[in-house]
Every structure is written in C-alpha cells, then in structure tokens.
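Engineer: Have a look at this one before I ask anything.
The values are calculated or read from the model by the stated rules, or taken from the named source; none is laboratory data. The model shown is predicted, which means the values in this text are computed figures rather than measured ones. All Cβ positions, even for glycine, are placed from backbone atoms using ideal geometry, and neighbour counts span all protein chains on display.
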Amino acid sequence: MNIYVSNIAFSISEEELEQQFAEFGSVSSVKIIVDRETGRSKGFGFVEMDSDEEAHRAINGLNGKTLKGRDLQVKKAFPRKESSFESRGNGSYKKNSNSNYRSNGNSNFSKWK
C-alpha cells in the first residue's frame, strides 16, 4: 500500500522516516519530495509498505505523532486525478482537448469562441 505523509519536518531524512514506519512492518520504499531548484524537502512524501495490514497499523500508529516538533499527517495515498489543465512550463496553462476553457496568459480563463 502506498501511504501519503505530510507535515514532515524539513530536517527529517528518508532513512529516519523509514525507521518510523519499519516499527509497523516491511517498508518497500520511502520518498520525500524535494524542490527541484533548491533540493530542500517540501514537507511531504510517500511510503510504500508490502502489507496492507501493516500499512493500516502504521497509519493508525503514526498519524498525529510528533516527530522533530511536527505532528505527522499519515493517510492512504490515492492515484493522482487527471487534471483537465496542462502546464506549458511557463506559468500558463491550456485546457485539454475535451475542454472549452483556455488561459489567456494572465490566469483569467475565457470561453473559446
């Protein structure tokens, strides 16, 4: 099961986070999301556990637990919902092909004529 963890202290390493979850069972992977430009933690990440039962125990045992001064928020991760907007990489967006809206460059969306 994939688990979403938020409110992670910026100083926590993936190894430290893995140790917390390993108390509840076998951990397949840990990924703390970092800013591409600075390399600094964004304060959230994902933990993959082999067993759903162990994952549920970890969620119940760690949700709300204080770790390095921050109360972790731990819950089951769900697949990303497909957005109807596509980033152009320059701060503007365009609506996917099945849409009636587009960006006019200043984040105000106008109806296509």
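Engineer: Within the range 15-46, track down each residue that is in a helix (DSSP H, G or I) and either touching a strand residue (DSSP E or B) at 6+ places or on another chain (Cβ under 6 Å) or within 23 Å of residue 80 (Cα to Cα) (or both).
Structural biologist: Listed by number, the residues that qualify are 17, 18, 21.
Engineer: Name the single residue that is nearest to residue 33 (Cα to Cα) among those in the range 47-76 being of a type in the set (Asp, Glu) and in a strand (DSSP E or B).
Structural biologist: 48
Engineer: When the residues of the range 27-78 are narrowed to those that are within 15 Å of residue 11 (Cβ to Cβ) and of a type in the set (Ser, Thr, Tyr), which ends up surrounded by the fewest Cβ atoms within 10 Å (Cβ to Cβ)?
Structural biologist: 38
Per-residue answers, yes or no, for (1) in the same structural domain as residue 13 (by TED's automatic domain parsing); (2) under 18 Å from residue 20 (Cβ atoms); (3) among the acidic types (Asp, Glu):
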| site | (1), (2), (3) |
| --- | --- |
| 35 | yes, no, yes |
| 43 | yes, yes, no |
| 49 | yes, yes, no |
| 58 | yes, yes, no |
| 63 | yes, yes, no |
| 67 | yes, yes, no |
| 71 | yes, yes, yes |
